[in-house]
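One structure below.
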Amino acid sequence: MNIGTIGHVDHGKTTLTAAITKVCADMNRGTFKSYEEIDKTPEEQKRGITINATHVEYETEKRHYSHIDCPGHLDYIKNMITGASQMDGCILVVSAYDGLMPQTKEHVLLCKQIGINKMIVYLNKIDMCEDKELIDLVELEIRDLLSFHKYDGDNIPFIKGSALKALNGDNSEYGIPSIVKLLNACDTYIDEPVRKIDLPFLMSIDDVLQISGKGTVATGRVEQGLLKANESVEIVGIKEKTIKTIVTDIEMFKKTLPTAQAGDQIGVMLKNVKKNDISRGMIITKIPNLKTYKKFESDIYVLKEEEGGRKNPFSSYYRPQAYIRTADINCAVILNEDTQVANPGDNIKCTIELMYPLALSCGLRFSLREGGRTVASGIITQLI
Ligand code: GDP
Ligand code: MG
């Protein structure tokens, strides 16, 4: 299970991460990583974007966890937008002494938008708070924020503690026992991730071939689900009208297969479909009546020059190519009113307008490219 700590800078994410590894190591369920080791952050190079992040691993009775902690706010944002390391659930760290802060809110919003549905709150630095009423007030504020973003704010596990005390081996209520409670909450509250294979079939078309005497074949990698020969599918996107057809044959490595599943690179023979009817970028799916969209709201991270991005900022109605699944389509990037220009290194909200419609969903990631270079990485936050 992939989890991680999120929250405002200095609220104690790295201290908590170190404390978790310590408590687990003491039970022989992982290796202790000190605060300094976690904060040192080896540089990771993923999809050209530099994300400073540390992964630590530990175990509970129930699960193996891979846990991500980032040093800076921008690293969290980049990580969430690009999906460099996806989280199945996360621990929101809030300092009880400081209360809700802007980055707390931004992380919660982005988590919801990228489809992280389970969150646990660790209310940290209780040792610094003498006023119990203040703690209750902060708890109320956090629960409100979570409910506002459609989390189950009233019932979300809420653990009060002091990561620093736990890290220092303190066995009183807010020390080590708070970490044990937190891990129990992770085990029970965060759901197992849905396996790709259990979702309905979807494949984005890579290429289209005409096989003489046989028919039209579309190739691609199965993104999710299962497909059997002779099943009905719909081909969606780019053109206004959906094509309904039947897969008469599935091939992988030039052999006929009875079934294909998520991860397979396949070719599918399509009944009564001409080569010109379909193209790269359309999807083949068993999900019925998928809607298509030309316009959506998104969060994007604009790559810096040293990350392979642009040297200069761009303004509204910038026209790069949008790469979404296997589609590459001309688009216009419409900046929000409060954004004059998008500078390399910025994380902004904007609207994207595609030249052709595609089957899209919230949480789907994409990139913007221009002249062979990736200029931005984004995530769809709302369909229009
Ligand atoms: P991050 O930026 O969220 O990773 O926060 P850090 O883990 O680096 O913590 C920021 C500061 O708060 C450090 O000086 C920690 O020692 C301190 N700190 C973290 N947890 C606690 C706590 O439970 N109690 C107290 N008093 N200080 C804490
Ligand atoms: Mg940190």
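The values are calculated or read from the model by the stated rules, or taken from the named source; none is laboratory data. A quick note: this is a predicted structure, and the numbers were derived from the prediction, not measured. Please note: Cβ atoms are built from the backbone with ideal geometry, for glycine as well, and neighbour counts cover all protein chains shown. Each accessible area value is taken on the protein alone, full model and side chains, heavy atoms only, with ligands, DNA and RNA left out. Shrake-Rupley method; radii C 1.70, N 1.55, O 1.52, S 1.80 Å.
Which ranges mark the strands (runs of 3 or more DSSP E) fully within the stretch 292-343 that have 2 or more residues being open to solvent by 10 Å² or more (accessible area, probe 1.4 Å), without any contact (Cβ under 8 Å) to a residue 12 or more places away in the chain and small (Gly, Ala, Ser)?
Working: elements: 293-302, 321-324, 327-335.
Answer list for the stretch 292-343: none.
Name every residue in the stretch 149-166 that is open to solvent by 70 Å² or more (accessible area, probe 1.4 Å) and either modelled with pLDDT of 95 or more or under 16 Å from ILE91 (Cβ atoms) (or both), in order of residue number. Reasoning before the result, please.
Taking the stretch 149-166 as the starting set, the residues that turn out to be open to solvent by 70 Å² or more (accessible area, probe 1.4 Å) are 150, 152, 154-155, 164.
Within the stretch 149-166, ASP152, ASP154, ASN155, LEU164 qualify.
Annotation: of all residues in the stretch 210-236 being part of a loop (DSSP other than H, G, I, E, B) and touching a residue at least 24 places away in the same chain (Cβ under 8 Å), the one that is most open to solvent (accessible area, probe 1.4 Å) is LYS214. Applying the criterion of at least 1 residues that are within 16 Å of ligand 2 (Cβ to nearest atom) and β-branched (Val, Ile, Thr) to the strands (runs of 3 or more DSSP E) found wholly in the stretch 1-113 leaves 2-6, 49-52, 54-59, 64-69, 90-95. Among the residues of the stretch 342-379, the ones that are under 20 Å from MET203 (Cβ atoms) and of a type in the set (Lys, Arg) come to 1 in all.
The lone criterion from (1) open to solvent by 50 Å² or more (accessible area, probe 1.4 Å); (2) over 20 Å from the mean Cα position of the chain (by Cα); (3) within 11 Å of ligand 1 (Cβ to nearest atom) left unmet by PRO71 is number (2). I'd like the residue in the stretch 257-272 that is open to solvent by 10 Å² or more (accessible area, probe 1.4 Å) and among the hydrophobic types (A, V, I, L, M, F, W, C) and, out of all such residues, is modelled with the lowest pLDDT. Across the stretch 257-272, the extreme among qualifying residues is LEU257.
Just to be sure I understand, how many residues within the stretch 5-42 are among the acidic types (Asp, Glu), over 23 Å from the mean Cα position of the chain (by Cα) and within 12 Å of ligand 1 (Cβ to nearest atom)?
2
Those strands (runs of 3 or more DSSP E) of the stretch 115-209 in which 2 or more residues are within 26 Å of GLU61 (Cβ to Cβ) and touching a residue at least 24 places away in the same chain (Cβ under 8 Å) occupy 119-124, 158-160.
Could you check, for the stretch 115-130, whether at least one of its residues is open to solvent by less than 50 Å² (accessible area, probe 1.4 Å), of a type in the set (Ser, Thr, Tyr) and within 16 Å of ligand 2 (Cβ to nearest atom)? Yes, because at least one residue in the stretch 115-130 is open to solvent by less than 50 Å² (accessible area, probe 1.4 Å), of a type in the set (Ser, Thr, Tyr) and within 16 Å of ligand 2 (Cβ to nearest atom).
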